[in-house]
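Visitor: Take a look at the following structure, please.
The values are calculated or read from the model by the stated rules, or taken from the named source; none is laboratory data. Since we're looking at a predicted model, the values are computed, not measured. Note that each Cβ is placed from the backbone with ideal geometry, even for glycine, and that neighbours are counted across all protein chains shown. Surface areas here come from the heavy atoms of the whole protein model, side chains and all, with no ligands, DNA or RNA. Shrake-Rupley method; radii C 1.70, N 1.55, O 1.52, S 1.80 Å.
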Amino acid sequence: MSDDKKPKKDTAKASAEPEIMEKIVSLCKQRGFVFQSSEIYGGLKSCYDYGPLGAELKRNVKAEWWRAMVHGREDIVGIDASIIMHPDVWRASGHLAGFADPMVDCKDCKAHARADKLPQKEPGTEVEYKVIVDAQTGKKETRKGVVGKLGTVCENCGSPNLSDVRRFNLMFRSFLGSVDPVENLARAIEGKNLTGDALKAAITEAMNETAVFLRPETAQAMFTNFVNVQASMRLKPPFGIAQQGKSFRNEITVEHFTFRSCEFEQMEMEYFVPPPGFAEEGKDDMYWFKYWCDERLIWYAKLGIRSEKLRLRPHETAELAHYAKACSDVEYEYPWGWGELEGIAHRTDYDLKQHEKHSGKRLTYFDPQKNAHYHPYVIEPAAGADRAALAFLLDSYAEEPPPPGTKEGRTVLRLHPRLAPIKVAVFPLVKKDGMPETARKIIAEFWKHQINAFYDEKDTIGRRYRRQDECGTPYCITVDGQTAQDGSVTIRERDSMKQERIQVADAVEAVKKRLV
Ligand code: GAP
């Protein structure tokens, strides 16, 4: 059994997460937002399943992004490319050679870790640490060691006894085609007494014949399809290509629940703009970089993230990739501190030129006015759907004390109505006097209008409201004794808890107008 397939504790639960994270992880499980993947088998490292409410939330996040980036404007079109791409894509993009983290192994407890994330200790100091020597009983042995010149110790057991740092490529390798890579491999090394680098080279060569990679970002398909999209849609820069979809990174350190995992969804857009010499007056590449930084910050704020929890962090020059002209992160203040929500990068013409060089195909735009071909510059807002969903959950979570004169407080998710998994809950006040039948008729109208509505008749009305508050449902409609007399129902608003009476016939419109 490989290390990653061994039963793992839920990383979020096992780690020293701030209390609020523990609460969110627990609420996510109890209310069907996020479950640990393969939980009945002990779970799998950093893999999560979105439950009924989580799937709705993430779909809503992605729909809002698509609405803002594609359907709400004329200059951006969407694509849906395959996850597995030609291996040369990753050679051209630099991912095969450079998409790697520095990794070390602990010689005592055998844990693997990112070298740049290890706890620091003064080089030369003696440290004492405990190592499990019997996995069955958990028996530990105390050992001593001296911190090496890098000044790092194991994050798991505290040992300074670490391997040399090596580069670990984050791309998941797989195989495509009917040639069995294991058979290839066996043939390549059979009868040869290979060791060390020669053995590694023979194995790599044998595997490479059919090797493919799960994409570590969605971006590259927008570059490889640049001419296809531009020509088929007759687009003129500035224009964008957007995509949402799964990406995979074999992250050494996964952390903070869905914040950093190995399988995640991205929402990326490549905005192709005229390079210097071709740009419209006042709208050069840096104008568009700033434009997208502003737009993306506004998107999160409009969907309800508190402005004091959002900021734009420009990268220092030393942080920039060698081809990047500028980069800024949209950051959110998570319970563990400020962290990236989305990156906005000015990638110059690097990607198109790289793919042109490796594929031999021209990837330019022909400017008829100037009668010249050019490689557009690219501004890339790259967001994560899982990370955004987590930020929306965290930011909307509130525990309210009991109102004066009452005993019961409440937990509420103040999600923006358009992000809320359930838009409206419909209740009969009691299970008699025709109230359930009327409530069922009302909810059928919501479903007919494709509004996600939830029917509940169990427990007291107060408990039913609390249950919906806790999963973020913005509106609850209750059929009561008055309904049969004057055709009215109450509509309760989640955040203010205020109720007003509306006519049954107006119920769908009343909710619809609040969702715009
Ligand atoms: N094409 C550029 C690119 O992929 P990135 O900053 O590596 O840039 C963009 O990724 C976004 O994808 C991040 O801001 C984050 O929201 C999300 N993301 C990246 N790695 C992730 C991971 N391991 N788990 C969850 N989300 C991740």
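Visitor: When you look at A389, is it of a type in the set (G, A, S), within 16 Å of the ligand (Cβ to nearest atom) and either in contact with a Leu (Cβ under 8 Å, 6 or more places away or on another chain) or under 30 Å from R311 (Cβ atoms) (or both), yes or no?
Guide: So A389 fits the description; yes.
Visitor: What are the residues in the stretch 314-346 that are charged (D, E, K, R) and either more than 18 Å from the chain's Cα centre (by Cα) or more than 10 Å from the ligand (Cβ to nearest atom) (or both), if any?
Guide: Those that are charged (D, E, K, R) and either more than 18 Å from the chain's Cα centre (by Cα) or more than 10 Å from the ligand (Cβ to nearest atom) (or both): E316, E319, K325, E333.
Visitor: If I go through the stretch 256-313 residue by residue, how many of them are within 17 Å of the chain's Cα centre (by Cα) and within 12 Å of the ligand (Cβ to nearest atom)?
Guide: Qualifying residue count for the region: 16.
Visitor: Same structure again: For the stretch 42-124, please list each of the strands (runs of 3 or more DSSP E) lying entirely inside it that holds at least 1 residues being within 18 Å of the chain's Cα centre (by Cα).
Guide: Result: 48-50.
Visitor: Here is a further query. Could you list, in sequence order, all residues of the stretch 169-211 that are farther than 26 Å from H112 by Cβ, touching a helix residue (DSSP H, G or I) at 6+ places or on another chain (Cβ under 8 Å) and open to solvent by less than 70 Å² (accessible area, probe 1.4 Å)?
Guide: Hits for the stretch 169-211 are N184, A188, T210.
Visitor: Do the conditions hold for R67, that is, is it modelled with pLDDT of 95 or more and open to solvent by 70 Å² or more (accessible area, probe 1.4 Å)?
Guide: Criteria met by R67.
Visitor: Then there's this: Taking the stretch 134-146 only, how many residues are at pLDDT 95 or above and not in a strand (DSSP E or B)?
Guide: Selection size over the stretch 134-146: 0.
Visitor: So, one more: Determine, yes or no, whether Y48 is of a type in the set (F, W, Y) and over 24 Å from R215 (Cβ atoms).
Guide: No; evaluated as a whole, the condition is false for this residue.
Visitor: Considering only the stretch 129-176, state which residues are more than 18 Å from D105 (Cα to Cα) and free of Cβ contacts under 8 Å to residues at least 60 places away in the same chain.
Guide: D134, A135, Q136, T137, G138, K139, K140, E141, T142, R173, F175
Visitor: Out of everything in the stretch 215-248 that is surrounded by fewer than 22 Cβ atoms within 10 Å (Cβ to Cβ) and near the ligand (Cβ under 8 Å from one of its atoms), what residue ends up being nearest to L27 (Cα to Cα)?
Guide: S247
Visitor: Tell me which strands (runs of 3 or more DSSP E) are completely within the stretch 396-510 and hold 2 or more residues being surrounded by fewer than 21 Cβ atoms within 10 Å (Cβ to Cβ), or say none if there are none.
Guide: The qualifying strands (runs of 3 or more DSSP E) are 397-400, 410-413, 453-455, 488-493, 499-503.
Visitor: Could you please let me know if K353 is assigned to a helix (DSSP H, G or I), within 30 Å of the chain's Cα centre (by Cα) and more than 16 Å from the ligand (Cβ to nearest atom)?
Guide: Taking the combined requirement at face value, the residue satisfies it.
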